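Notes follow the structure.
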Amino acid sequence: QVQLVESGGGLVQAGGSLRLSCITFGGTFRDYAMAWFRQAPGQEREFVGGISWSGARTDYADSVKGRFTISRDNAKKTVYLQMNSLKPEDTAVYHCSAGSRFTIPTTISEVVYWGQGTQVTVSS
């Protein structure tokens, strides 16, 4: 069983930055591609960004391209999401996720493990 624990959320003004972290417990971190999803109140959970098991490939939702960067440190079993130029519409609970080693999870059905989430609130 793999446990994912997020941190780094908070309240920030529009235009500001936050860095989310997700550390994993159990399993072999290199066995999983990782991704961040987010869910705003009353909306469906949506893909934000993902990274392959080696870190060589990344993928992003169009809404965050050029502003968010996903990275991972396999030695620390941690995946990060650097969020810059934040907008009020980025406000959501951000969830870390793990999927198959060979496919970056971009849909909910491709996710094997979920974290509990961390709240990000961007004020205007």
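What's the ranking of 29-41, 99-111 by average number of surrounding C-beta atoms within 10 Å, highest first? Show your work: numbers first, answer last.
Working: 29-41: 20.0, 99-111: 15.4.
Averaged packing, sorted descending, gives the order 29-41, 99-111.
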Looking only at region 20-62, which residues have a backbone nitrogen under 13 Å from a spot 7 Å from the Cα of Glu89 in the C-beta direction? 62
Region 19-124, accessible area per residue, ligands and nucleic acids excluded (1.4 Å, Å²): 49
Between Ser17 and Gln43, what FRET efficiency follows from the Cβ-Cβ distance if R0 is 22 Å, with the result rounded to 0.05? 0.45
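Report the FRET efficiency, 1/(1 + (r/R0)^6), for Asp62 and Thr107, where r is their Cβ-Cβ distance and R0 is 25 Å, rounded to 0.05.
Numbers: r = 15 Å, r/R0 = 0.61.
Here the calculated transfer efficiency is 0.95.
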Mind checking which aspartates and glutamates have their Cα closer than 15 Å to the Cα of Lys77? Skip sequence neighbours fewer than 8 apart in that chain. Glu6, Asp31
With the radius of gyration and the Kirkwood radius both derived from the Cα set of region 1-112, what is their ratio Rg to Rh? 0.94
Apportionment of accessible area to carbon and sulfur, the chain, percent (1.4 Å): 47
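The values are calculated or read from the model by the stated rules, or taken from the named source; none is laboratory data. All figures in this text were calculated on a predicted structure; none of them were measured in a lab. Because the Cβ atoms are built from the backbone with ideal geometry, glycine has one as well, and the counts that use them run over all protein chains shown. With ligands, DNA and RNA removed, areas are computed over all heavy atoms of the protein, side chains included. Shrake-Rupley method; radii C 1.70, N 1.55, O 1.52, S 1.80 Å.
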